[in-house]
Each structure stands twice: as structure tokens, then as C-alpha cells.
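Single-structure report; data block below.
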Amino acid sequence: MKNPSTQPVNIQFTEEMKGFVSFSDSNIDYKEGYEAGKKAKTAFMFHLTVIIPDVDFFINDPKETGELKGYIECKKLGGKITIDSGVFNCFVDTGAAIENQKRMFYRLFLKDKTGKPFTMSGHKIVKNEGTGPLEIWKDTTTLYTKLYEGTVKEGEDTSAKLVATGILEIYVKDFIKQMTTFRSNGKTLWERQDAIFKFGKLFLGNLWDVYAPHIKKSEPEIWNQRNIPLFTLAGVNPCSITTHSISTKDKLNISLTRFLKQDSDDVILLSHGLTTSTDMYIMPEHYNLVNYLHDNGFGDVWSLDWRGSLRHNYNLFPHRFNLDDVALYDLPLAIEKIRKEIGPKKRIHAIVHCIGSVTFFMSLYGKQISGISSIISNSVSLTPRVAAWSKIKLALAPFLIEYVLRFPNINPRSAYNPGPALGKGLAKVVNLFHRECSNPACHMLSMMWGTGFPACYEHSQLSSVTHDRVGDLFGATSMNYHRHIRKMVNRGVAVKYQTRNEHYAELPNNYLDDASDINVPTLFMTGDQNRVFNDANVVTYETLNKIKPGNKNELFIAKGYGHQDTLMGKNSAKDIFPKFVDFLNKHKG
């Protein structure tokens, strides 16, 4: 028990808040009062010293008040006015009816220059709404303010005459200054530090009580929440599904999944983009590409999970794979496996997307694969093009992610990780810049790929189920692929990453060098809202027309679509896939 003869230990600090109020006796909304006051230029501020006379009592009794001294400044009241007195309550519970909410109360008593008494009543609402770290700053630095005529005690506000309504805020520079003003009357350094520590613990502890339920929700619920099982095959209509595991010459395991509904002379190979997988073609929430192909005469569909697939866990670790590896090792092996299974006479057609398209063309134009009857390429192939902001990210991100932040990969699911996981802080920062939706995985994808809000697709083209599960449809990647993409973007064409490495000697330095020797009919397509690789496939189409006039290539620009949604959209089966089938039917042989 505390010795009553011992002098209470206090603490004090200064706080300065500024804003606008609207002078009106109408009971208007605080925000409305702020905006009207801002328009009328009726600024209002206070500079207060908050005094906690006895830290121990204040901590143990939530109703205990602190003292306020200082001044307010408002031209409407005559300028700078010293307050007569004031009281301060910190983190008062609002009752069981309002969960995860506390309030801080301020009440200032003052007189204007004529001696007329006024009372300023203000409160901060500390409430967990699950909108991220910016919420905590906003709640603890925003004071909802009313000014009353006369001396108005607590509980008398509703019967008092209202004078003004508005909002005051703590500016960042003033907050930084405030953090330097904490003082205590403790006799020893230990007593002073202990008092400040106790108040800080009270403050942070109350914030934890309010916001922790949302934070704790990821322990362990959020990280494992999903409506559709991960890597499910349930989206494919009844057919024979077999997995073919194959090992590359550089000792990596990749896989092919065969969806065989009926024997067909025209076999389809699908290749996904970097960090996606076969799953993008077999989504159960809508009419997917594999089912559409089966229903339209193409009963034998193979999907390649090359080394960039989220299904391969080695992508979670740092590596130095590049796109030449895919062109040299993965694709020739996959074509060889398919050819072995289907025989020499059947035709192979490829539908390839994003980096899966770039690497397919590298393998084809690098003369590592052959015997392809036609290709459908989405978004990018031989001439990568990106926006200016994407170029900046490509220039900086590999170094910052690997050598500064020391992350083993960059992952769209970082925000969902349980515990104080690596990358979680980065995800929270990214969330601050993406207010277009509430899905942190969507925000991370916009940071990882492209430029936009969002970058990878049009929100309107995705079903809500797909949007909720983008963290399961896109995976993590180490950064070396980005370095190779950066080199291609800087050159404007697909080029070899390591020109002096003997392992890649059989690949060309520039994959367009012998383009005139290749004559595979190709449907180049892109969305007109593509914010990942912009008009890259349009440029490739036009470039190949100049190199080899009279080829059988075609160009399809999907109106209202972006980069990924052309293949994963809720209406792709209506807007996109019929064009695929028309093109494939032309080249059945």
C-alpha cells in the first residue's frame, strides 16, 4: 500500500490541436461543422498542458481526471484567451453496448475578451473498425468539438446553448514536439521514468484493448480463412485428371496436369503467369477455361506448372532462377512429355499468359521447342512494355526487398500471416496507399505487378469470390525474375539475362534475332485497361508484321479488361473464350 505521507508523483505534457469550427446554434454534424468553419475561415486551436496529479490514482481509476492549463485561440472569441480551468479523462469505457470502443474527454472553461463565459467540450473516439494502422492515428489525434455558452458541467451539454461545432486535430509536427514535453516531479530519475512508463503503459494498453481483437483475428483465423479449398480440382467437370511430375536438367521438379475428357487430335497446353498456377484455369466459381475448351471440342487439355508456379514451395526461398531457365529447361521438357503421351501425329496448341507467355516465346524463338500448331498469347510476349512507375519499382524493388528489408520473397498473403511475421509491416504500409478495396492481398498484387488501383485486373470483371481469394491464386516470388524482366523492359525486347554464362550458350542474346524463321499462327491479345504490360502484345504483333509480312497472326483487344481478368474474369466465357475457340478451329489442320 502506498504511504500517505509520500508525495504523489505526477506527470505532465503539452498538447496542441488545430482545426475549424462553425459558429451556429444548429445541432449539425462535426464534419459538417468543420467543413463550414474551414470555408468561413473560423479557425480554432488550443495549446494545453495536461497534468496528471497522481499517476497511480489515474491509472487505477478510469474516472480520475487530469488538469488542463493553457490557452485557446480563435478570432471569433477575440483571439488568444487563457483558459480558467480544464479537465481531462483518458480512455473511458462507453459501456457494454458498444464493443471495442473508448473515449477521451476534454472540458475547458474560459471567458472571451468581454468576460462572457464559454465551455469547450471535446471527445476523441477510439474505436476498432478494422481499417488498418492509419485508424489508430486518426482516432487518437481527432477531437470532436462543441462550444457552449456559459459554464457547462459534465452531463449538462444537452440543455446548454450551443455556440459552435467542429473538429480539431494534432498535426504530425506538433505530435513529434509533444513527445519531447513529458515531465514528472519524481524526486529521483527512477521515479520520473517510472511515472512516464506507467502512463505510457496505460495508453498503449488501452489501445491494445480496443484494436487487438482485429489484430488477434489473424491468430489463427484470418491466415487460414477461405471459402474454396486451396489447389482444389473441384472446378473441373467430370474427366480423367492425372498429374505428371517431371525433373529438369538443373534438378528442379515441375509438373503437368492433364484434364482428359475425350480423345482429341488437337491438344491444348496452358501455361500460367509468374506466381500463379494451373488454378487460374480451373476456378470453380465461374465457367473456367478448361471446362470451356472441353465443351467446345478440345477434350485433351494439359496445364504446365513451371518453376514460377505458386504450387512449388521452392519459390518461397531466395534463388537466382531467371526466365532463360524456363525457356531452356522447363518448356522443352514439358513439350517432350506431352508428345510422348499423345504420340507424334496430334497437334499441340498453346494458350499462354504473362511471363508464361514470355518464356514460351523465348523457348520457341530460341529454337528449344517446335511442333506447335498455334499460340494464343495474353498480355505480353516478346516486347515487354510497362508504365513509368512500374519501371521505378523494377529498378528499386529487387535491391530493397532482398538487401535492405532482407525478405526471402514478396508475398501477396503477407498481411494474413499469423504472429509478427516477416513482411506483415510492408503489407500494412502498402494498404495505406490502396483504398480502392479492403483486400490486402489485392493491394500487395498492385505493389508487386503493374501500376494502378488495382493493377492486375479490373475489379468489375472479377466475381466477389475470386476477389476474396486472390491471395490463394497468386503466390510468393523471389526477386531475380524481376531483374530479368527489368533488363527486357529496358531493352524493349526479350533478351538473354546472362550473355556470358556457358549454360545458356544455345539461347540467342536477342530472341527476335531469328524471328523471320518462325511461322506459328498466333493470336496476340490484351485488355484495353492492361496496367501491367500496357500495350506490349500490340507492339509484338506490329513488330512481327514488319519482320514477316503476310503471317497468320491476329490481334484481339478485349474492351473493359485488364491483365489477368481476361482469363479469370466472371464473364470471360462470354467475352473472351469464344474468340479463343474461333482461332483454334482455324488451325486444327
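With the calculation restricted to Cα positions, what are the radius of gyration and Dmax of region 285-419 in angstrom?
So, for region 285-419, Rg and Dmax equal 17.8, 55 Å respectively.
Of all DSSP beta bridges located in the chain, what percent are antiparallel, nearest 5?
Approximately 75 percent, going by the DSSP bridge assignments.
Ignoring ligands, DNA and RNA, how do Lys75, Lys201, Lys340, Lys496 rank by accessible area with a 1.4 Å probe, largest first?
Lys75, Lys340, Lys201, Lys496
Describe numerically, in nm with one decimal, the distance between label points set 7 Å from Cα along Cα→Cβ at Lys201 and at Phe399.
Using points 7 Å along Cα→Cβ, the separation is 4.5 nm.
Accessible area per residue for the chain in Å², computed with a 1.4 Å probe and the full protein assembly in place, what is it?
On a per-residue basis, 45 Å².
Can you run phi through the Karplus equation (6.51, -1.76, 1.60; θ = phi - 60°) for region 495-508 and list ³J(HN,Hα) in whole Hz, with x for Gly and Pro?
10, 5, 7, 10, 6, 9, 7, 5, 5, 10, 4, 7, 8, x
Using the alpha-carbon centroid of each, what span in Å lies between region 326-340 and region 363-406?
Result: 20 Å between the Cα centres.
Expressed in nm to one decimal, what extension gain is obtained for the pair Ala421 and Arg226 from 0.36 nm per residue of sequence separation less their Cα-Cα distance?
Answer, rounded to one decimal: 68.2 nm.
Based on DSSP H runs of at least 4 residues, each adding -39500 (n - 2.57), what is the mean residue ellipticity at 222 nm of the chain after dividing by all its residues, to the nearest 500 deg cm²/dmol?
One gets -8500 deg cm²/dmol as the mean residue ellipticity at 222 nm.
Under a straight-distance cross-link criterion of Cα-Cα below 15 Å, which aspartates and glutamates are reachable from Lys249, leaving out those fewer than 8 residues away in the same chain?
Within the straight-line limit of under 15 Å, Lys249 reaches these aspartates and glutamates: Asp324, Asp325, Asp330, Glu336, Glu502, Glu506.
Probe radius 1.4 Å, ligands and nucleic acids left out: which of Ser277, Ser247 has the largest accessible area, and how do the rest follow?
If we order Ser277, Ser247 from most to least accessible, we get Ser247, Ser277.
Would you mind checking the pairs Lys428/Lys496; Lys391/Lys552; Lys424/Lys496; Lys367/Lys548 and listing those with alpha carbons more than 24 angstrom apart?
Result: Lys428/Lys496; Lys391/Lys552; Lys424/Lys496 exceed 24 Å.
Across region 532-572, how large is the tail of the calculated P(r) beyond 13 Å, expressed as a percent of all Cα pairs?
Value for region 532-572: 60 percent of Cα pairs lie more than 13 Å apart.
I need to check one value: relative contact order of the chain, counting alpha carbon pairs closer than 8 Å and at least 6 residues apart, in percent.
It comes to 11 percent, rounded to a whole number.
Roughly how many whole Å is it from the C-alpha centroid of region 64-88 to that of region 161-184?
12 Å
Please enumerate, by chain and number, the aspartates and glutamates with C-alpha under 13 Å from the C-alpha of Lys80, excluding those fewer than 8 residues away in the same chain.
List returned: Asp112.
For region 550-589 and region 23-55, compute the distance between their C-alpha centroids and round to whole Å.
58 Å
With an 8 Å Cα cut-off and a minimum separation of 6 or more residues, compute the relative contact order for region 424-574 in percent. Mind showing how you got there, number by number?
Values: 173 pairs, mean separation 38.7, N = 151.
Relative CO of region 424-574 lands at 26 percent.
Please give the helix 536-547 orientation as an angle from the longest Cα principal axis of the chain, in degrees from 0 to 90, rounded to the nearest 10.
So the helix axis and the longest Cα principal axis differ by about 30 degrees.
Whole-Hz Karplus ³J(HN,Hα) for region 81-88, in order, using 6.51 cos²θ - 1.76 cosθ + 1.60 and θ = phi - 60°, x for Gly and Pro?
Each residue of region 81-88 in turn: 10, 6, 7, 6, 6, x, 10, 9 Hz.
Using only the heavy atoms of the protein chains and a 1.4 Å probe, how would Asp157, Asp295 rank by accessible area, largest first? Don't skip to the answer; put the middle values down first.
Values: Asp157 35, Asp295 70 Å².
Highest to lowest solvent-accessible surface, that is Asp295, Asp157.
How big is the convex hull of the Cα atoms of region 462-545, per residue, in Å³?
157 Å³
One quarter of the convex hull surface, Cα atoms only: what value does that give for the chain in nm²?
Computed as one quarter of the Cα hull surface, the answer is 34.7 nm².
Can you give me the % of accessible surface on the chain that is carbon or sulfur? Probe 1.4 Å, all protein chains present, nothing else counted. Write down the numbers at each step before the final one.
Values: 14160 of 26430 Å².
Roughly 54 percent of what the probe reaches on the chain is carbon or sulfur.
Taking the Cα centre as origin and putting +1 on Lys and Arg beta-carbons and -1 on Asp and Glu beta-carbons, what dipole magnitude results for region 335-374, to the nearest 20 debye?
200 debye
For region 414-462, state what percent of all Cα-Cα pairs lands in each successive 5 Å bin, counting from 0 Å until the bin that includes the largest distance.
5, 24, 30, 21, 12, 6, 1
The values are calculated or read from the model by the stated rules, or taken from the named source; none is laboratory data. Please read these numbers as outputs of a predicted model, since none were measured by experiment. A quick note on method: Cβ atoms are made from the backbone with ideal geometry, for glycine too, and the neighbour counts reach across all protein chains shown. We work out accessible area using only protein heavy atoms, side chains counted, and drop any ligands, DNA or RNA first. Shrake-Rupley method; radii C 1.70, N 1.55, O 1.52, S 1.80 Å.
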